[in-house]
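Notes follow the structure.
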Amino acid sequence: MKRFLTKLPNEFKVPTDAVGQRMLKEYGALFVARGGATPPNTVIFKDEAEVSLYQSGLAKASANLGGFKIELQAAAMKNLKDAIAEANSNDLTITPRGADSGKRNYSGTVTLWASRVNPGLTHWVGKGKLSESEASRIRSLSPFEQVPEIFKLESDKMFFSKDLSKSIVYSVAPPGTSQHLSMLALDVSEHDNSKVRDILAGHGWFQTVVSDLPHFTFLGVPEKQLSGLGLKKVSDGGRAFWLPG
Ligand SMILES: [Zn+2]
């Protein structure tokens, strides 16, 4: 982690709270992105206004990809288009999974968060592991306030990922922390194909969130430079993920 911290931009605010530190560990590779990328200088955006202010200052590009209008930072889009061209010349495709596969806004991350938290609370009440009154109390909190509460339940083995077997952070990002807010992330339909992953990696797009299989992050450097940015390779299910090391 030491080298990684030295590679962060000068204006980056290193979190001192437990949630922020966990987010930096799980999603933090993004913050050392190079190659014309402008990563956020904070781990957690607090509201829509903060996200809009950041996104409005970025060099952006949009394109119709696979039938969806996708918006990304300009450098990320240019390299993605180069990857798509290389894939096409090899009879492969690289397409987004849906309309929200590139840029998201704050409210989009709140909706996704709730789509895991609410069914998860219902599930754990049904299993008798959580009281209905405790579940209602958590439901009534703001999304921002829910994050430490959900992490606390997960430390008691009540998990909130889609299949309820692991942490929610491997299914959806806590509100305000999604890499999609930075416009440096894309969810790819063909993520299962190792040739597609290799082509994306050749253009600066890597996997940086363990277990989020369709999710790619623009880091803007060749693979051999990633360890120099303080990132370590984590192999999982035959894939390489790059995390702050
Ligand atoms: Zn994603």
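The values are calculated or read from the model by the stated rules, or taken from the named source; none is laboratory data. Source: prediction; values computed, not measured. All Cβ positions, glycine included, derive from the backbone under ideal geometry; neighbour counts span all protein chains shown.
Okay, here's what the table says:
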quantity: Some residue of segment 181-198 being more than 14 Å from the ligand (Cβ to nearest atom), at pLDDT 95 or above and of a type in the set (Ser, Thr, Tyr); calculated: yes
quantity: Matching residues, segment 186-229, being in contact (Cβ under 8 Å) with a residue 40 or more places away in the chain, over 12 Å from ALA33 (Cβ atoms), not small (Gly, Ala, Ser) and not in a loop (DSSP other than H, G, I, E, B); calculated: LEU186, ASP187, VAL188, LYS195, VAL196, ARG197, ILE199, LEU200
quantity: Top-ranked residue in segment 171-187 [being among the small types (Gly, Ala, Ser) and more than 11 Å from GLN73 (Cβ to Cβ); ranked as surrounded by the fewest Cβ atoms within 10 Å (Cβ to Cβ)]; calculated: SER171
quantity: Candidates LEU72, LEU65, LEU24 - the one that is crowded, with 17+ Cβ neighbours inside 10 Å and more than 29 Å from PHE144 (Cβ to Cβ); calculated: LEU65
quantity: Number of the condition not met by THR217 [criteria: (1) of a type outside the set (Phe, Trp, Tyr); (2) over 18 Å from the mean Cα position of the chain (by Cα); (3) within 15 Å of the ligand (Cβ to nearest atom)]; calculated: (2)
quantity: Answer residue from segment 17-43, given it is modelled with pLDDT of 95 or more, of a type in the set (Val, Ile, Thr) and out of contact with any Lys or Arg (no Cβ under 7 Å at 6 or more places or on another chain) and is nearest to GLU190 (Cα to Cα) among those; calculated: THR38
quantity: Residues satisfying the stated conditions in segment 132-171, i.e. over 20 Å from THR111 (Cα atoms), in a loop (DSSP other than H, G, I, E, B) and touching a helix residue (DSSP H, G or I) at 6+ places or on another chain (Cβ under 7 Å); calculated: MET158
quantity: ASP82 vs. criteria at positive phi, out of contact with any strand residue (DSSP E or B) (no Cβ under 9 Å at 6 or more places or on another chain) and modelled with pLDDT of 95 or more; calculated: no
quantity: Residues located in segment 77-100, provided they are hydroxyl-bearing (Ser, Thr, Tyr) and in contact (Cβ under 8 Å) with a residue 12 or more places away in the chain; calculated: THR93, THR95
quantity: Residue count, segment 194-245 (criterion: acidic (Asp, Glu) and surrounded by 22 or more Cβ atoms within 10 Å (Cβ to Cβ)); calculated: 1
quantity: Residue within segment 150-164 that is within 25 Å of PRO40 (Cα to Cα) and in contact (Cβ under 8 Å) with a residue 12 or more places away in the chain present; calculated: yes
quantity: Counted residues, segment 220-245 - those being within 16 Å of the ligand (Cβ to nearest atom) and either of a type in the set (Lys, Arg) or under 19 Å from ASN88 (Cβ atoms) (or both); calculated: 1
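Quick grid of which residues meet (1) closer than 16 Å to ASN118 by Cβ; (2) within 19 Å of the chain's Cα centre (by Cα):
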| position | (1), (2) |
| --- | --- |
| GLY128 | no, no |
| GLU134 | yes, no |
| LYS152 | no, no |
| SER171 | yes, yes |
| SER178 | no, yes |
